[in-house]
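Colleague: Quick one: the structure is below, and I'll ask about it shortly.
Every number here is computed from the coordinates shown, using simple stated rules; none is lab data. What you see is a predicted model; the values in this text were computed from it and never measured. Because the Cβ atoms are built from the backbone with ideal geometry, glycine has one as well, and the counts that use them run over all protein chains shown.
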Amino acid sequence: MLFLYPLLQFGQERINWVSFEQLDSLLAVEPRETLLFIHTDWCGYCRKMEQEIFTNKEIVRRINTKYYAVSFDAESVEDIVFDQSIWKSKGSKKRTGQFHPLARLLLGDRQLVFPSILRYDNTFHLKNIQQKYLNSKELAVFLK
C-alpha cells in the first residue's frame, strides 16, 4: 500500500475548467477574475501548456483560488450560450482554420494566434492578453 500511495497523488492537481455557460452563472453570483485559454487541437504549444504548465501545482493553486478558468477550442463547432447570446459555429464539422465566431470576437482585431491567454477583471473587462506559449514563470507573472 505504501508503494502505491505516490501514484494515488500523481496528477491530482488540476485546473477547475468551467464552460462559458457556467461562467455566466458564476460571475452573476460571485464576480471574480477570469482566465480564458484559447487553443486548437493541432497546436503543439497549446498541448504543451496543457500538459506541463497547467499541471504545475503552484499555477493550478493560483488559478483555482483567484480565477474562473475557461478552456476554449477556437475551432469548436458547438453552440455556446454566453453573455445573453447564442454563438453558433458556421459549420457542422470541425475543420482546421474554421474558427468559431466567439473566438474571433474575443480576440477582436488581433491575429488568431494560439495559444492565446486572456485575463479579464471581475467585471469581465479585458486586462491583459498573451498570444504565445508561456512557461510557468511567465504565466505566474501574467497572473499577478
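Colleague: Work out the charge dipole of the chain with +1 on the Cβ of Lys and Arg and -1 on the Cβ of Asp and Glu about the Cα centre, then indicate which of F82, L26, G97 is farthest towards its positive end.
Modeller: Positive-end residue among those listed: G97.
Colleague: Could you give me the ³J(HN,Hα) list for segment 16-31, computed from phi with Karplus coefficients 6.51, -1.76, 1.60 and θ = phi - 60°, whole Hz, x at Gly and Pro?
Modeller: So the Karplus estimates, Gly and Pro as x, are 7, 5, 10, 7, 4, 4, 5, 4, 3, 5, 4, 5, 5, 7, 9, x Hz.
Colleague: Give, as a single signed number, the net charge of other residues whose beta carbon lies under 15 Å from the beta carbon of D24, with Lys and Arg counted +1 and Asp and Glu -1. Walk me through the numbers before you get to the answer.
Modeller: Working: positive: R32; negative: E21, E30, D79, D83.
Charge balance near D24 sits at -3.
Colleague: Take the residue pairs K90/K137; K94/K132; K66/K90; K48/K144 and return only those whose Cα atoms are more than 26 Å apart.
Modeller: Too far apart for the 26 Å limit: K90/K137; K66/K90.
Colleague: Nearest-5 percent of antiparallel DSSP beta bridges in segment 35-144?
Modeller: Details: 11 of 16 bridges.
Roughly 70 percent of the DSSP beta bridges within segment 35-144 come out antiparallel.
Colleague: Dipole magnitude of the chain about its Cα centre, charges +1 at Lys/Arg Cβ and -1 at Asp/Glu Cβ only, in debye to the nearest 20?
Modeller: Computed about the Cα centre, the dipole is about 380 debye.
Colleague: Could you work out the longest stretch of the chain that avoids the GluC sites (Glu not before Pro) located in DSSP loops with at most 15 other Cβ atoms within 10 Å? Spell out each step's value before the answer.
Modeller: Working: sites that count: E13, E78.
By the stated rule (loop sites, at most 15 other Cβ atoms within 10 Å), 79-144.
Colleague: Follow-up question, since we're still on this one. Near K57, which aspartates and glutamates are there with a Cα under 20 Å away, not counting those fewer than 8 places off in the same chain?
Modeller: E13, E33, E138
Colleague: Sort largest first and round to whole Å: the equivalent ellipsoid semi-axes of segment 13-143, each the square root of five times a Cα gyration tensor eigenvalue.
Modeller: Semi-axes from the Cα gyration tensor: 22, 19, 13 Å.
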